[in-house]
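These notes are about the structure you will find just below.
The values are calculated or read from the model by the stated rules, or taken from the named source; none is laboratory data. What you are looking at is a predicted structure, and each value in this text was computed from that prediction instead of being measured. Please note: Cβ atoms are built from the backbone with ideal geometry, for glycine as well, and neighbour counts cover all protein chains shown.
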Amino acid sequence: MTCESYVVTEKKLMKFTLATKQNMAQFFAENGEVIPATILSADPLTVITLKTKERDGYEAVQVATQTQKKERVSKSVLGQTVQPFKIVKEFRNHSNSTDSAFGDLQKGAILNLDIFSVGDIITISGISKGKGFQGVMKRHGFKGGWNQRGQKHSHREPGSIGGGGRAGGRVVKGKRMPGRMGSDRVTQKNIQILDIDVAKGLLLVKGAVPGKRGTVLEIRKI
């Protein structure tokens, strides 16, 4: 397997990488504006599989990063890679264009942050923070009950949930009620790259991104 650097040419190709959320920071623009930002750490990616529309029905690239013990990796993944990897992700081309979104990308190529530029507008996807079982005030923003005389242990209750002939006496599907909150896949669009340090593998993006510290995020630019 040969390891070649993936270079994005002038042709409109899909840029992508995996990054780990570190922490938030402040970015000072040239005009003195203070911008809230998030620091992301990105290790080099290795292309392990290329999927084509002719053979697989869709176009995609599977990449892997962070080495792992061989005993902890499935045989299907070991069959595609020379060394065991901890994280394996697939980036799919959803466009209807007949042209390839990955250009001349080859199996074994190494992807670094140098394919991105400061000012790029990217899309970030990841699993949001898990908040456990929560009530309606935190989960849905209900204002709660009256805080006046006559109230007892009902300040945070949801109130009536239906019944009495409505929907046949049943609770309507999709009714906003207490339940599990967070740990959902979230996609944020139109996020700007503020700064890049290719040598250290660091990416600074504007604003907050999904997840907690250590969350693996998918970054795309089409």
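Numbers below:
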quantity	calculated
Qualifying residue in the range 66-84 (condition: under 25 Å from residue 204 (Cβ atoms), modelled with pLDDT under 90 and in the same structural domain as residue 201 (by TED's automatic domain parsing))	yes
Residue in the range 193-209 that is within 25 Å of residue 139 (Cα to Cα) and in contact with a Leu (Cβ under 8 Å, 6 or more places away or on another chain) present	yes
Odd one out for residue 155, checked against (1) in a loop (DSSP other than H, G, I, E, B); (2) touching a residue at least 12 places away in the same chain (Cβ under 8 Å); (3) in contact with a Gly (Cβ under 7 Å, 6 or more places away or on another chain)	(2)
Candidates 206, 200, 212, 189 - the one that is of a type in the set (Lys, Arg) and in contact with a Lys or Arg (Cβ under 6 Å, 6 or more places away or on another chain)	212
Top-ranked residue of the range 62-86 - restricted to ones that are assigned to a strand (DSSP E or B) and β-branched (Val, Ile, Thr), ranked as farthest from residue 17 (Cα to Cα)	67
Of all residues making up the range 102-148, the number that are assigned to a loop (DSSP other than H, G, I, E, B) and β-branched (Val, Ile, Thr)	1
Every residue from the range 187-219 that is buried (at least 16 other Cβ atoms within 10 Å of the Cβ), under 11 Å from the mean Cα position of the chain (by Cα) and not in a loop (DSSP other than H, G, I, E, B)	188, 216, 217, 218, 219
Residue satisfying all of: in the range 159-186; of a type in the set (A, V, I, L, M) and either in contact with a strand residue (DSSP E or B) (Cβ under 7 Å, 6 or more places away or on another chain) or assigned to a loop (DSSP other than H, G, I, E, B) (or both); surrounded by the most Cβ atoms within 10 Å (Cβ to Cβ) among these	181
